[in-house]
1. How charged is the neighbourhood of Leu223? Take every other residue with its Cβ under 11 Å from the Cβ of Leu223, and add Lys/Arg as +1 and Asp/Glu as -1.
2. What ranking of Asp231, Asp531, Asp524, Asp277 emerges when the number of other C-beta atoms within 10 Å of each C-beta is taken as an exposure proxy, fewest first?
3. What chymotrypsin sites (Phe, Trp or Tyr not before Pro) in the stretch 193-292 are in a loop by DSSP, with at most 16 other Cβ atoms within 10 Å of the Cβ?
4. For the stretch 462-569, give the magnitude of the charge dipole about the Cα centre (Cβ charges: +1 Lys/Arg, -1 Asp/Glu; no others), in debye to the nearest 20.
5. Where does each of Thr114, Thr131 land when they are ranked from fewest to most other beta-carbon atoms within 10 angstrom?
6. Based on the Cα gyration tensor of the stretch 15-94, what are the three equivalent ellipsoid semi-axes, each the root of five times an eigenvalue, rounded to whole Å and given largest first?
7. How charged is the neighbourhood of Glu204? Take every other residue with its Cβ under 13 Å from the Cβ of Glu204, and add Lys/Arg as +1 and Asp/Glu as -1.
8. Percent of alpha carbon pairs in the stretch 451-537 separated by more than 16 Å?
Amino acid sequence: MRIEARPLPTNLPDLGDLPPLLTRLYAARGVQSATELDKGLARLLPYQQLKGIAAAVDLLVVAMEQQQRILIVGDFDADGATASSVGLLGLRMLGAAHVDYLVPNRFEYGYGLTPEIVAVALQRQPDLLITVDNGISSVDGVAAANAAGLPVLVTDHHLPGAELPAAAAIVNPNQPGCTFPSKALAGVGVIFYVLLALRARLRELGWFTAQRPEPNLAELLDLVALGTVADVVPLDANNRILVHQGLARIRAGRARAGLKAVLEVAGREAQRISSTDLGFILGPRLNAAGRLDDMSLGIECLICEDPVLARDMASQLDQLNQDRKAIEQGMQREALARLQDLALDDLPFGLCLFEPDWHQGVIGILAARLKERYHRPAIAFADAGGGLLKGSARSVEGLHIRDALDAVAAANPGLISKFGGHAMAAGLSLPQENFTAFAAAFAAEVSRQLCAEDLTGRLLSDGQLAAGEFNLALAQALRQAGPWGQHFPEPLFEGRFEIIQQRLVGEKHLKLLLRTECATQTLDAIAFNIDRELWPNPNVKQVELAYKLDVNEFRGRESVQLLISHIAAA
């Protein structure tokens with residue numbers, strides 16, 4: 001693992017009356033003006049710049065005026081669940097008479113608006129289908145709906161293919177010709193923008209009355225924040241506003257009952273929640289429903305108004321997440337056993353692994369674990385039945401995984417049945433007999449784009465902290481300076497420390513008491529999921545760390561704690 005200095009612009013911007021350290025941190029993350037740090041809702045990009053938004057609103061206004069039956073078709077991950085919930089709740093808040101949702105079962109129907117899902121949807125006799133967090137690649141599904149006389153409004157954020165579906169309207173910041181400045185909206189962000197535009201049109205039409213008052217759509221921002229962070233989209237300035245505002249609602253006790261219940265079951269205090277908690281505490285519990293069971297449980301929890309029922313559903317989500325962890329650990333052991341006899345230099349540039357008994361719902365997490373461990377793109381496959389394999393891919397910096405799959409498909413017609421995704425994550429399916437050929441073609445494509453140095457792993461450091469900066473005030477300021485996340489990473493510092501004490505906590509967490517290099521103070525530190533073959537090590541007296549400065553609370557007392565990202569003997 002290499003630790004490198006995070007690049008800084010030659011001239012630091014004027015960000016107003018900020019401490020020098022925060023100015024440096026923001027500048028290193030691309031912030032160029034103080035206005036980018038304004039996280040007020042008034043700073044959101046205007047919805048008018050989204051291509052297709054006017055046509056989408058036209059469809060929805062007619063549906064609402066005529067009391068048509070609206071059916072939302074979502075995805076089975078956290079973004080899809082929050083997008084389904086926001087669409088359902090938002091349309092009801094705006095006065096839609098008949099709104100329901102449908103989420104394809106991952107194991108029965110797969111991803112997106114397929115012709116098979118359209119057939120299921122038609123049984124509910126809808127007048128309008130709305131896709132959320134999917135649909136941009138559903139050419140056949142939209143064609144099937146059109147053939148049945150059912151119009152489709154596609155709201156999505158995924159990258160489109162060569163052909164767009166013939167939908168009645170498409171809202172996607174990544175579609176050709178869309179000038180919306182942020183291409184990083186999550187699926188939940190796209191449907192939230194559609195609701196903002198719809199509310200504005202309804203206001204112009206005099207829709208709202210004393211009996212039907214205009215709703216405050218900001219009440220949905222807790223769910224928008226959750227879906228945005230859990231989908232690991234870049235936290236650009238626009239997404240940071242959405243996440244900041246959602247976190248503020250949660251901390252103020254104004255979260256929806258279901259979200260509160262998941263927090264309570266996870267043992268987290270709403271008042272102290274951070275974007276990290278959205279991604280690593282709430283997101284996995286919500287995703288567990290779609291991975292192992294049916295995402296309808298997650299959606300029902302999010303839209304639930306009854307705290308008692310919400311608590312029961314949150315407990316079910318928590319248990320599913322425990323089950324997911326157990327399955328994942330077993331799959332990870334099998335994968336590592338396959339790879340442990342190979343030297344790192346002998347591994348292919350792109351990893352492809354398949355076991356017949358691997359769980360379809362957990363291969364994405366396994367691919368992420370392999371990517372983190374071996375610092376290279378990884379794809380884990382599971383048996384999808386009918387002679388097909390389903391794969392989930394995760395990438396490293398420098399390789400756009402969807403584009404890499406596109407290159408493999410173009411060079412090898414028929415090798416891949418279908419694929420889609422983003423720069424860092426993608427999904428695909430292929431005939432099982434093509435697995436060996438695909439693995440070779442994928443490794444060759446990765447080796448064409450990356451060099452050996454790209455596969456060694458890299459951490460970007462914000463430098464060393466001065467002796468006087470290891471204090472609670474700075475740790476709290478860093479927490480409040482976010483939200484941190486994808487492409488706007490939490491500050492990471494480096495330094496050398498003397499070990500005073502080291503011990504295991506639980507099965508694989510290393511707790512340390514450290515002394516700063518200038519021996520002025522002692523600090524608590526913790527490293528999660530350490531290699532137990534290396535740590536604890538009583539022979540190591542000094543360590544080089546890459547760490548985050550955090551606030552630890554224990555029995556009502558707050559103190560500074562270092563969260564260790566990388567540890568090595570000095």
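Since every read-out is calculated from the coordinates, none of them should be taken as a lab result. Owing to the predicted nature of the structure, the values given are computational and were not obtained by experimental measurement. No Cβ is skipped: glycine too gets one built from the backbone with ideal geometry, and neighbour counts run over all protein chains shown.
1. -1
2. In increasing order of surrounding Cβ atoms, one gets Asp531, Asp524, Asp277, Asp231.
3. Phe208
4. Dipole magnitude for the stretch 462-569 comes out near 320 debye.
5. Thr114, Thr131
6. Three semi-axes, in Å: 39, 16, 11.
7. Overall, the nearby charge balance is +1.
8. More than 16 Å apart: 67 percent of the Cα pairs in the stretch 451-537.
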